[in-house]
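Just below is one structure, and these are the notes that go with it.
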Amino acid sequence: MTELEQLQTRVEKVRRRMNAACARAGRDPSSVLLCAASKTQTPATVALAAGLPIDLFGENRVQELVEKSSAGAYGSTPLHFIGHLQTNKVRQVVGTASLLHSIDSEKLLRAVEKEAARKGIVQDVLLEVNLAGEESKSGVLPKDLPALAALSEDFLHLRVLGLMCVPPRTCDVSAQHRAFETMRRLSAQISGLGLSRARMQHLSMGMSGDFEAAIEEGATIIRVGTSIFGPRSYPTV
Ligand SMILES: *Cc1c(COP(=O)(O)O)cnc(C)c1O
């Protein structure tokens, strides 16, 4: 099997699993976007995947995003930034990624606003939630989410389009559902605030091990790496 055929087979399998989850939840399959999480994948592999039925690419690292994007690897497939963002790298992603999934502090929100204003654009973002309050993870705590979302009212060069999370990894399907259901509740809570620049149209949640549960709980973007590209090998240097 060529690399392309292998990618094709895996994407078809992911699509079948997505369709089955949508059918169980009574959802239209077109309401869930498949984000190929392409961290560590080479520009050549990414270019192959760009021809497959995925909806967008998600990169975790600014440097990889810049390299692959300058190499033209993404083709015409939309590109999102899904990793932890440092303030000093904001300049490189604003305007390059159409959606930033991982805004989790006032400082970052301000930095994105400033850079988008400088470029004369409106940048779409999601707010990342640290559901379980894990210290090792980024994301705003659920109790601080409403205040962070409310800040968007003052920022005319960004729009909050929803929420994102990376819950603790677990094979326990009911625990997966509980986490994603909490996200759905948070999203409804923020919607209820009636903020004009924070509309909850997206829930970015679900990865290779839990995307079916995420879809059943309302995910609109799932971020899938391993089930598309196979196990990641990280360079040792
Ligand atoms: C790597 C990554 C994914 C994909 O993870 P898999 O388990 O390989 O599907 C999704 N979201 C984020 C933020 C990631 O870093």
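Read the figures in this text as sums done on the coordinates, not as results from a lab. All figures in this text were calculated on a predicted structure; none of them were measured in a lab. Every residue, glycine as well, gets a Cβ built from its backbone with ideal geometry; the counts of neighbours run over all protein chains shown.
Taking the Cα centre as origin and putting +1 on Lys and Arg beta-carbons and -1 on Asp and Glu beta-carbons, what dipole magnitude results for the chain, to the nearest 20 debye? Mind dumping the intermediate values first?
On the way: 28 positive and 25 negative charges, 35 e Å.
Its charge dipole is roughly 180 debye.
Hey, if you put +1 on the Cβ of every Lys and Arg and -1 on every Asp and Glu Cβ in segment 1-107, which of 63, 90, 29 ends up farthest toward the positive end of that dipole?
Value: 29.
Residue by residue through segment 114-120, which ³J(HN,Hα) values in whole Hz follow from phi under the Karplus form 6.51 cos²θ - 1.76 cosθ + 1.60 (θ = phi - 60°), with glycine and proline marked x?
5, 5, 5, 4, 4, 7, x
Mind checking which of 206, 51, 139 has the largest fluctuation in a GNM of the chain, springs on alpha carbons under 10 Å?
51
Which of rounded, prolate or oblate describes the chain when judged by the alpha-carbon gyration tensor and an a/c cut-off of 1.5? Intermediate values should be presented prior to the final figure.
Values: a/c = 1.71, a/b = 1.17, b/c = 1.46.
Judged from the Cα gyration tensor, the chain comes out oblate (a/c at least 1.5, b/c at or above a/b).
Tell me which residues come under 5 Å, amide H to amide H, from residue 202 once H is placed; ignore anything under 5 positions away on its chain.
For residue 202, the qualifying residues are 162, 163.
Rounded to the nearest 0.05, what FRET efficiency do residue 23 and residue 107 give with R0 = 41 Å and r taken as the Cβ-Cβ distance? Could you check?
Details: r = 42 Å, r/R0 = 1.03.
So the FRET efficiency works out to roughly 0.45.
Taking 31 Å as the cut-off for C-alpha to C-alpha distance, list the pairs among 13/39; 39/119; 13/89; 114/137; 13/114; 13/107 that go past it.
Details: 13/39 20 Å; 39/119 27 Å; 13/89 35 Å; 114/137 25 Å; 13/114 42 Å; 13/107 40 Å.
Exceeds cut-off: 13/89; 13/114; 13/107.
What shape does segment 89-139 have by the C-alpha gyration tensor, where a ≥ b ≥ c are the square roots of the eigenvalues, rounded means a/c under 1.5, and otherwise prolate means a/b greater than b/c and oblate the rest?
Working: a/c = 2.69, a/b = 2.27, b/c = 1.18.
It is prolate, given that a/c is not under 1.5 and a/b is the larger ratio.
Please give the charge dipole size of segment 57-144, origin at the Cα centre, charges +1 on K and R Cβ atoms and -1 on D and E Cβ atoms. Round to the nearest 20 debye.
Numbers: 11 positive and 12 negative charges, 69 e Å.
Dipole of segment 57-144, to the nearest 20 debye: 340 debye.
Once you sort the root eigenvalues of the Cα gyration tensor of segment 30-100 as a ≥ b ≥ c, which label holds: rounded (a/c under 1.5), prolate (a/b larger than b/c) or oblate (the other case)? Walk me through the numbers before you get to the answer.
Values: a/c = 1.94, a/b = 1.33, b/c = 1.45.
Here segment 30-100 falls in the oblate category.
What does the helix-only formula give at 222 nm for the chain: each DSSP H stretch with n ≥ 4 adding -39500 (n - 2.57), the total divided by the residues, and the result rounded to the nearest 500 deg cm²/dmol? Don't jump to the answer; show the numbers that get you there.
Working: 9 runs with 93 residues, N = 237.
Mean residue ellipticity, 222 nm, calculated: -11500 deg cm²/dmol.
Each residue of segment 47-64 in order: what ³J(HN,Hα) in whole Hz does its phi give by Karplus 6.51 cos²θ - 1.76 cosθ + 1.60, θ = phi - 60°, with x for Gly and Pro?
The phi angles translate into 4, 5, 5, 4, x, 9, x, 10, 9, 6, 9, x, 10, 9, 10, 4, 4, 5 Hz.
Can you compute the modelled spin-label distance between residue 91 and residue 119, with each label point 7 Å from Cα toward Cβ, in nm?
My value for the distance between the label points is 1.3 nm.
For residue 33, what residues show an amide H to amide H distance below 5 Å, using hydrogens built from the backbone and excluding near sequence neighbours?
Counting only residues 5 or more places away or on other chains, the set is 221, 222.
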